[in-house]
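Visitor: Pasting a structure below so you can have a look.
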Amino acid sequence: MRTWYNMKAAADGAAEILIYDEIGRWGISANQFVQDLRGLGEVSRIDVRLNSPGGEVFDGLAIYNALNAHAAEIVVTVDGIAASIASVIAMAGKDIIMPENAMMMIHDPSGGVWGTAADMRRIADALDKGKLAIISAYRRCGLSDEEISALMTDESWFSAADALAKGFCTKLEKPVKMSACFDLANLDRFRHPPAALVAAGG
């Protein structure tokens, strides 16, 4: 069965989680992720590696909360892109490491609904609450809620150096060879994707 994440425990009390695709894809929800996280048992360190365009907002929030509450030391490395809700998951790391050629993107949560005005107001209210939850995760960067909110509304794409300067990561590493594990054509969901990524997606 295809999945957007993989996790495994090692004999030394550590574990590794790869999130290398769209979160919530193929009908695999955060509930399964959290069950598998519990299934790792007692581990002292979890290395989370991200290369994801984002995905389901509330699944991502659940994953962030589960990692944030875990007793293990969480170390996050952005191997390629941590965009949208994947950037929120990154905030669960005690350390957030980005190679110099990695990227991060933050923006307002979005969603669609078909129905009445009341239906649309309900989804708008849910998205507003989702934004507040996301801001609470980003507070670790040291910016004010107002600054974070403005960056989200602008759909802000950060280089690794930008992310470090704004507090969204804690350490830079040497550039690595990138390999996309998700469909770059899906970048058209974003308003301001970098030209280099659009070109790579064909």
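The values are calculated or read from the model by the stated rules, or taken from the named source; none is laboratory data. Computed from a prediction, not measured in an experiment: that's the story for all the values here. Note that each Cβ is placed from the backbone with ideal geometry, even for glycine, and that neighbours are counted across all protein chains shown. Remember, those area values only see protein heavy atoms, side chains included, never the ligands or the DNA or RNA. Shrake-Rupley method; radii C 1.70, N 1.55, O 1.52, S 1.80 Å.
Visitor: Under 5 Å between amide H atoms, partner at least 5 residues away or on a different chain: which partners does GLU173 have, H built in plane at 1.01 Å?
Guide: Those lying under 5 Å, H to H, from GLU173 are MET98, GLU100.
Visitor: Also: If ligands, DNA and RNA are left out, what is the accessible area of ILE123 with a 1.4 Å probe, given in Å² to the nearest 10?
Guide: 60
Visitor: What number do you get for region 120-170 when its Cα radius of gyration is normalised by 2.2 N^0.38 Å, N = residues?
Guide: Here the Cα radius of gyration is 1.26 times the empirical estimate.
Visitor: Still on this structure: At 1.4 Å probe size, what's the solvent-accessible area of ARG121? Round to the nearest 10 Å².
Guide: Only protein atoms counted, so the area is about 150 Å².
Visitor: Additional query: Could you size up the charge dipole of the chain around its Cα centre, putting +1 on the beta carbon of Lys and Arg and -1 on that of Asp and Glu, and report it in debye to the nearest 20?
Guide: Working: 19 positive and 26 negative charges, 31 e Å.
Using only the charged Cβ atoms, the result is roughly 140 debye.
Visitor: By the scheme Lys and Arg +1, Asp and Glu -1, what is the net charge of all other residues having a beta-carbon under 14 Å from that of GLY27?
Guide: Neighbourhood net charge equals -2.
Visitor: Roll a 1.4 Å probe over the protein chains and send me the accessible area per residue for region 3-161 in Å².
Guide: Result: 44 Å² of accessible area for each residue.
Visitor: What part of the accessible area of the chain, given as a whole %, is carbon or sulfur when the probe is 1.4 angstrom? Don't skip to the end; give the middle numbers.
Guide: Working: 5210 of 10170 Å².
It is 51 percent, rounded to a whole number.
Visitor: Which length gain, in nm to one decimal place, applies between SER144 and GLN32 when the Cα-Cα distance is subtracted from 0.36 nm times their residue separation? Before the final figure, lay out each step's value.
Guide: Values: separation 112, 0.36 × 112 = 40.32 nm, distance 3.38 nm.
Extending this stretch completely gives an extra 36.9 nm.
Visitor: Turning to a different aspect of this structure: As a check on your grasp of the helix formula, calculate [θ] at 222 nm for the chain: sum -39500 (n - 2.57) over DSSP H runs of n ≥ 4, divide by the residue count, round to the nearest 500.
Guide: Per the formula, -11000 deg cm²/dmol.
Visitor: Got a sec to turn the phi values of region 148-158 into Karplus ³J(HN,Hα) couplings, 6.51 cos²θ - 1.76 cosθ + 1.60 with θ = phi - 60°, whole Hz, x for Gly and Pro?
Guide: Listing the rounded values in order: 5, 4, 5, 4, 5, 4, 6, 6, 8, 9, 10 Hz.
Visitor: Hey, how many Å between the Cα centroid of region 12-39 and the Cα centroid of region 103-167?
Guide: After rounding, the separation between the Cα centres reads 23 Å.
Visitor: Shifting gears a bit: Kindly write out, for region 40-53 in residue order, the coupling ³J(HN,Hα) from the Karplus curve 6.51 cos²θ - 1.76 cosθ + 1.60 (θ = phi - 60°), rounded to whole Hz, with x marking Gly and Pro.
Guide: 5, x, 7, 10, 8, 8, 10, 8, 9, 10, 10, 8, 9, x
Visitor: With each pseudo-label sitting 7 Å past Cα toward Cβ, what's the GLU155-ARG122 distance in nm, one decimal?
Guide: Taking the two extended label points, one gets 2.8 nm.
Visitor: For the chain, what is one quarter of the convex hull surface built on the Cα atoms, given in nm²?
Guide: Answer in nm², one decimal: 12.0.
Visitor: Could you state the orientation-averaged shadow area of the convex hull built on the Cα atoms of region 1-59, in nm² to one decimal?
Guide: That works out to 4.1 nm².
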